[in-house]
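Below is one structure; the comments refer to it alone.
Since every read-out is calculated from the coordinates, none of them should be taken as a lab result. Just so it is clear, the model here is predicted, and its values are computed rather than measured. Cβ placement follows ideal geometry from the backbone for every residue including glycine, while neighbour counts extend to all protein chains displayed.
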Amino acid sequence: MRSVSFRSEAGVTAGVGARAAAWLALAAGYGLMLWQNLPGHLSVDSVIELHEGRFHVRETWGPGIFPFILGIFDRIAPGTALYVIVGALLLYGGWALLPQLRGRASWWFPLVAAAAVLTPNILIYQGIVWHDVLFANAAMAGFLCLAFADRDWQKPRRPWVRLALSVLLLAAAGLLRQNGIVVLAPAAAAVAWIARGGGRRRAAAWGGGWFLAVVAATAVLSVTALPQGPTFEKADAQGMRVLEIYDLAGGLARDPRLPLPHIAQVDAATAAALRATAPKFYSPQRVDFIDQVERLQHRLVRLPSRAIFGDWLDMVLHRPDLYLAHRIQAFRWVFATPVIDRCLPVYLGIDGPPQEMAELGLEKVWGDRDQRLYNYSTWFYDTPVMSHVAYAVLALALLILFVVRRGPADGPMAALQAAGLVFAASFFPVSLACDYRYLYFLDVAALTGLLYFAADPRLRGPERRAPPA
């Protein structure tokens with residue numbers, strides 16, 4: 001016999017008022033964000049990436065897919081306004097859908113939503129044209145698709161559309177940040193969790209199959225995005241050179257006698273210059289201080305990569321104390337931001353290289369609105385609202401709570417928290433600067449988890465229903 005379940009009219013309409021209030025708060029927050037930020041804030045990186053997207057050239061060794069995306073929106077409506085409008089919808093629209101995952105909305109949800117959209121993390125950051133922001137939005141939306149797939153897994157038809165969207169969004173996210181690929185492991189684990197009802201082998205097959213689908217989508221997106229130019233044909237290799245030199249400078253700042261046999265064999269003068277310069281200009285805050293030493297940069301650019309890598313590997317293997325001391329301090333600055341004012345907490349206005357600005361038809365912008373937004377953001381400096389440590393603690397607490405509660409959609413939302421934590425941890429070996437934006441995904445993941453829990457704060461929620469007989 002077919003099982004029949006009845007829900008009372010009160011149960012069907014429960015939370016309608018809270019849901020409407022939350023949608024109103026999110027819509028108002030979205031409108032306020034657009035009003036205060038359009039056509040978007042562009043830093044030097046943003047201007048160069050828009051230039052790459054419009055003219056189909058490669059001028060940096062950053063992610064190639066972001067200029068490709070900017071170029072698509074720029075062809076529809078020149079500039080970045082349309083990109084900001086659509087990109088932010090991933091976050092605001094995703095948050096508006098959170099009550100659907102549990103079928104209810106408590107009055108905590110609109111209160112938390114109203115508070116969240118007024119933080120600089122949302123009000124200002126969603127208007128900044130940075131690939132870090134789009135990465136956070138796309139990754140969050142990908143996990144949200146998995147959460148909806150979990151909710152509907154026991155229905156007669158598999159939620160293929162949601163799974164496909166999760167593949168596309170997380171493949172794009174993995175390309176938007178060089179270390180963004182680390183979020184795929186928690187996502188694949190979430191897919192296995194969703195399919196756990198069929199046994200371990202079937203769950204592993206689903207998780208592995210989903211992961212392979214993301215790999216295939218990543219390959220397609222990689223060749224679809226802007227082609228690499230001859231100068232930046234090996235963008236990852238360029239990034240590794242910068243990272244290795246920074247690590248060597250950190251080691252030399254602690255011990256100027258650190259051997260550099262491979263570099264000295266190729267160019268003894270450059271080895272001596274690096275040894276003399278590092279203690280003066282090295283900082284765990286960012287690599288830029290070393291980059292500003294032009295005479296040293298002219299020497300380093302001529303060094304073969306194998307020489308730099310050889311000395312870097314020798315330090316890691318034979319002087320791990322120097323390497324770890326440098327890495328701990330660099331990670332401390334990007335994760336804890338001890339002096340947040342030195343870590344570019346927000347960026348406002350438009351500014352960039354004069355040639356690219358002229359070719360794009362852009363002018364330098366810093367007005368009263370930007371000054372007001374900057375003053376507003378300073379109210380939150382040195383508070384938990386702009387503290388990656390606070391969001392990490394929140395994400396860990398929510399991760400434990402969702403795993404214990406084990407309700408529909410709790411698995412993927414726990415995986416989202418794990419992804420935020422894993423992504424933050426991945427900066428330990430690769431951090432080059434303490435800019436607040438680098439760990440922005442951790443903030444978005446924790447805020448999304450908090451909103452999801454606020455929609456249904458019950459510690460025991462509805463159980464997954466068995467499919468009809």
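If we count other beta carbons within 10 Å of each Cβ, what is the order of Leu248, Leu324, fewest first? Don't skip to the answer; put the middle values down first.
On the way: Leu248 26, Leu324 12.
Ranking Leu248, Leu324 by Cβ neighbours within 10 Å, fewest first, gives Leu324, Leu248.
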Query raised in the report: Unpartnered cysteines of the chain (Cβ-Cβ under 4.7 Å counts as a partner)?
Result: Cys145
Report summary line: Taking R0 as 41 Å and r as the Cβ-Cβ distance between Val182 and Ala268, the FRET efficiency 1/(1 + (r/R0)^6), rounded to the nearest 0.05, comes to 0.55
Query raised in the report: In deg cm²/dmol and to the nearest 500, what is the mean residue ellipticity at 222 nm of the chain if only DSSP H runs of at least 4 residues count, each as -39500 (n - 2.57), divided by the residue total?
Result: -21000 deg cm²/dmol
Query raised in the report: Considering only the other residues whose Cβ falls under 13 Å of the Cβ of Pro259, what net charge follows from Lys and Arg at +1 and Asp and Glu at -1?
Result: 0
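By Kyte-Doolittle mean hydropathy of at least 1.6 and Cα axial length of at least 18 Å, which whole DSSP H helices of the chain are selected?
Details: long enough: 16-37 (31 Å, 0.82); 81-102 (34 Å, 1.39); 131-151 (30 Å, 0.98); 160-176 (24 Å, 2.09); 200-224 (36 Å, 0.84); 235-254 (29 Å, 0.18); 268-281 (20 Å, 0.56); 305-318 (19 Å, 0.43); 320-336 (23 Å, 0.25); 388-405 (25 Å, 2.29); 410-425 (23 Å, 1.12); 440-455 (23 Å, 1.56).
Taking the DSSP H segments of the chain (at least 18 Å long, mean hydropathy at least 1.6), we get 160-176, 388-405.
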Query raised in the report: If contacts are Cα pairs under 8 angstrom and at least 6 residues apart, what is the relative contact order of the chain in percent?
Result: 24 percent
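Just check the chain against the gyration tensor rule for me: Cα atoms, a ≥ b ≥ c as the square roots of the eigenvalues, rounded for a/c under 1.5, and otherwise prolate or oblate depending on whether a/b exceeds b/c. Present the calculation step by step, with values, prior to reporting the outcome.
On the way: a/c = 1.94, a/b = 1.60, b/c = 1.21.
Note, shape of the chain comes out prolate.
What longest region of the chain stays clear of GluC sites (Glu not before Pro) that DSSP places outside H, G, I, E and B and that have at most 12 other Cβ atoms within 10 Å? List each step's numbers first, then the result.
Details: sites that count: Glu233, Glu363, Glu463.
No qualifying site falls inside 1-232, the longest such stretch.
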